[in-house]
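Chemist: This is the structure I want to talk about, given as structure tokens.
The values are calculated or read from the model by the stated rules, or taken from the named source; none is laboratory data. Quantities reported herein were computed from a predicted structural model and do not represent experimental measurements. Methodologically, a virtual Cβ is constructed for each residue, glycine included, from the backbone with ideal geometry; neighbour enumeration extends over all protein chains shown.
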Amino acid sequence: MRSPVLPLFPILLASSTLSACGGGDSHPAAGWIGKTFLLDRPTASRWVEPKKGGSSSMGDYVPQFLIGVAAGSGDSLTVILTTGLDGVQDKCSPTTELTVSGASYPDVQITAPSLPMHLTETDPDYAKVVPTTAHDVTLKNVLPGRNETTASGELIATIDFAEAYPLFHLLDNPTPDSVCQAFASEAGVPCQTCAFNGQPYCLTFRAVQLAATESPNRIQTLLSSDIAASCP
């Protein structure tokens, strides 16, 4: 029988907040510690790579991101990264814990080699949720600065169409090959070889002018073993 998982990250957040009140404000990124931030789904105009419209075709499927921040050792930060929908954590995706540097606050780069997520078709006539893993995910300078929200953040992620191809329902019987062919012929952006498995079905997407905002919601730490069997 699986034992219940202790939601450690809310405890981390609470202890970090207490630490900040008792002298932890010396951390260069004290303004983020103990908080959760929401990065909304980038609009079509924010997607800039690949060019010729190839990037915006993925934009409607990308989820929101929730970023929880706690104090680490020295100038480091413990970040819990996960995805959400309507501002609420997606409990069908495990969370990812990362250590990042807070020394350059308010600049920060959050990088995850892999991030489980669900890509969702928003068209009500074609409800489709596809579990996938985004690779080489980078969130650069998306967190708020000292006194105001920045809008200079970037999101970079590599998508494997061997997993994501079912979303492209406008193609007849989509396959990884036919989706990559469509990107090559219509957007001039052929798929590349995936660094993690050697298969020719990957594309890297980049969105700019992004800004996360503080969220009242907290992130529950979830392992793969904690995901309900009913999840897609």
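Chemist: Whether any residue in segment 57-76 is closer than 30 Å to Pro190 by Cβ, over 17 Å from the mean Cα position of the chain (by Cα) and not in a loop (DSSP other than H, G, I, E, B) is what I want to check.
Modeler: As a first pass, look at segment 57-76 and keep what is closer than 30 Å to Pro190 by Cβ: 57-65.
Retained after the next criterion (residues that are over 17 Å from the mean Cα position of the chain (by Cα)): 57.
Pick out the ones that are also not in a loop (DSSP other than H, G, I, E, B) and you get 57.
Yes, because at least one residue in segment 57-76 is closer than 30 Å to Pro190 by Cβ, over 17 Å from the mean Cα position of the chain (by Cα) and not in a loop (DSSP other than H, G, I, E, B).
Chemist: Condition test on Ile219, is it buried (at least 19 other Cβ atoms within 10 Å of the Cβ), within 19 Å of Met58 (Cα to Cα) and β-branched (Val, Ile, Thr)?
Modeler: On the way: buried (at least 19 other Cβ atoms within 10 Å of the Cβ): yes; within 19 Å of Met58 (Cα to Cα): no; β-branched (Val, Ile, Thr): yes.
No, not satisfied.
Chemist: A follow-up question, please. Could you please tell me which pairs satisfy a Cβ distance under 7 Å, a separation of 6+ or placement on different chains, a first residue in segment 91-116 that is surrounded by fewer than 16 Cβ atoms within 10 Å (Cβ to Cβ), and a second residue that is assigned to a loop (DSSP other than H, G, I, E, B) and of a type in the set (Gly, Ala, Ser)?
Modeler: Pairs that qualify, where the first residue is surrounded by fewer than 16 Cβ atoms within 10 Å (Cβ to Cβ) and the partner is assigned to a loop (DSSP other than H, G, I, E, B) and of a type in the set (Gly, Ala, Ser), are Thr99/Gly72.
Chemist: Is it true that Leu119 is aliphatic (A, V, I, L, M), modelled with pLDDT of 95 or more and within 23 Å of Phe37 (Cα to Cα)? Show your work before the answer.
Modeler: Working: aliphatic (A, V, I, L, M): yes; modelled with pLDDT of 95 or more: no; within 23 Å of Phe37 (Cα to Cα): yes.
Here the answer is no, as Leu119 does not meet what is asked.
Chemist: Give the number of residues within segment 77-116 that are farther than 18 Å from Cys231 by Cβ, outside any strand (DSSP E or B) and of a type outside the set (Phe, Trp, Tyr).
Modeler: So the count comes out to 7.
Chemist: If you don't mind, another one. From the residues in segment 166-181 that are without any contact (Cβ under 8 Å) to a residue 24 or more places away in the chain and crowded, with 17+ Cβ neighbours inside 10 Å, which one is nearest to Ala127 (Cα to Cα)?
Modeler: Phe168
Chemist: From the set of residues in segment 169-194 that are in contact with a Ser or Thr (Cβ under 8 Å, 6 or more places away or on another chain) and within 20 Å of Pro131 (Cα to Cα), which is modelled with the lowest pLDDT?
Modeler: Checked segment 169-194; the qualifying residue modelled with the lowest pLDDT is Leu171.
Chemist: Out of segment 123-137, which residues are surrounded by fewer than 16 Cβ atoms within 10 Å (Cβ to Cβ) and either touching a Lys or Arg at 6+ places or on another chain (Cβ under 9 Å) or acidic (Asp, Glu) (or both)?
Modeler: Asp123, Asp125
Chemist: Shifting gears a bit: Return the only residue of Ser76, Ser45, Ser26 being free of Cβ contacts under 8 Å to residues at least 12 places away in the same chain, within 19 Å of Pro144 (Cα to Cα) and not charged (D, E, K, R).
Modeler: Details: Ser76 fails: free of Cβ contacts under 8 Å to residues at least 12 places away in the same chain; Ser45 fails: within 19 Å of Pro144 (Cα to Cα).
Within the list Ser76, Ser45, Ser26, the selection yields Ser26.
Chemist: Something else: Filtering segment 144-163 down to residues that are of a type outside the set (Ser, Thr, Tyr) and at pLDDT below 95, which residue is surrounded by the most Cβ atoms within 10 Å (Cβ to Cβ)? Break it down into steps so the answer makes sense when it comes.
Modeler: At the first step, the residues of segment 144-163 found to be of a type outside the set (Ser, Thr, Tyr) are 144-148, 151, 153-157, 159-163.
Keeping just the survivors that are at pLDDT below 95 gives 144-148, 151, 153.
Details: Pro144: 18, Gly145: 14, Arg146: 8, Asn147: 7, Glu148: 9, Ala151: 12, Gly153: 22.
The qualifying residue surrounded by the most Cβ atoms within 10 Å (Cβ to Cβ) is Gly153.
Chemist: A further question on this structure: Any chance segment 206-214 includes a residue that's over 15 Å from the mean Cα position of the chain (by Cα), in a loop (DSSP other than H, G, I, E, B) and either at pLDDT below 95 or surrounded by fewer than 17 Cβ atoms within 10 Å (Cβ to Cβ) (or both)?
Modeler: Step one: of segment 206-214, the residues over 15 Å from the mean Cα position of the chain (by Cα) are 209, 214.
Filter once more, so that each one left must be in a loop (DSSP other than H, G, I, E, B): none.
Checked segment 206-214: no residue is over 15 Å from the mean Cα position of the chain (by Cα), in a loop (DSSP other than H, G, I, E, B) and either at pLDDT below 95 or surrounded by fewer than 17 Cβ atoms within 10 Å (Cβ to Cβ) (or both).
Chemist: Still on this model: Just checking, how many residues over segment 182-232 are touching a residue at least 24 places away in the same chain (Cβ under 8 Å), of a type in the set (A, V, I, L, M, F, W, C), within 25 Å of Phe168 (Cβ to Cβ) and touching a Pro at 6+ places or on another chain (Cβ under 9 Å)?
Modeler: Counting residues in segment 182-232 that are touching a residue at least 24 places away in the same chain (Cβ under 8 Å), of a type in the set (A, V, I, L, M, F, W, C), within 25 Å of Phe168 (Cβ to Cβ) and touching a Pro at 6+ places or on another chain (Cβ under 9 Å) gives 12.
Chemist: So Leu222 clears everything in (1) within 26 Å of Lys51 (Cα to Cα); (2) assigned to a loop (DSSP other than H, G, I, E, B) except one condition, right? Which one?
Modeler: Unmet for Leu222, out of (1) within 26 Å of Lys51 (Cα to Cα); (2) assigned to a loop (DSSP other than H, G, I, E, B): (1).
Chemist: Just checking, which of Ala134, Ala151, Ala157, Ala162 is assigned to a loop (DSSP other than H, G, I, E, B) and in contact (Cβ under 8 Å) with a residue 12 or more places away in the chain? If you could, list the steps in order and put the result at the bottom.
Modeler: Numbers: Ala134 fails: assigned to a loop (DSSP other than H, G, I, E, B); Ala157 fails: assigned to a loop (DSSP other than H, G, I, E, B); Ala162 fails: assigned to a loop (DSSP other than H, G, I, E, B).
Sole residue among the options that is assigned to a loop (DSSP other than H, G, I, E, B) and in contact (Cβ under 8 Å) with a residue 12 or more places away in the chain: Ala151.
Chemist: Hey, another quick one. Limited to segment 182-202, what total is found for residues that are touching a strand residue (DSSP E or B) at 6+ places or on another chain (Cβ under 6 Å) and either in a helix (DSSP H, G or I) or crowded, with 17+ Cβ neighbours inside 10 Å (or both)?
Modeler: 4
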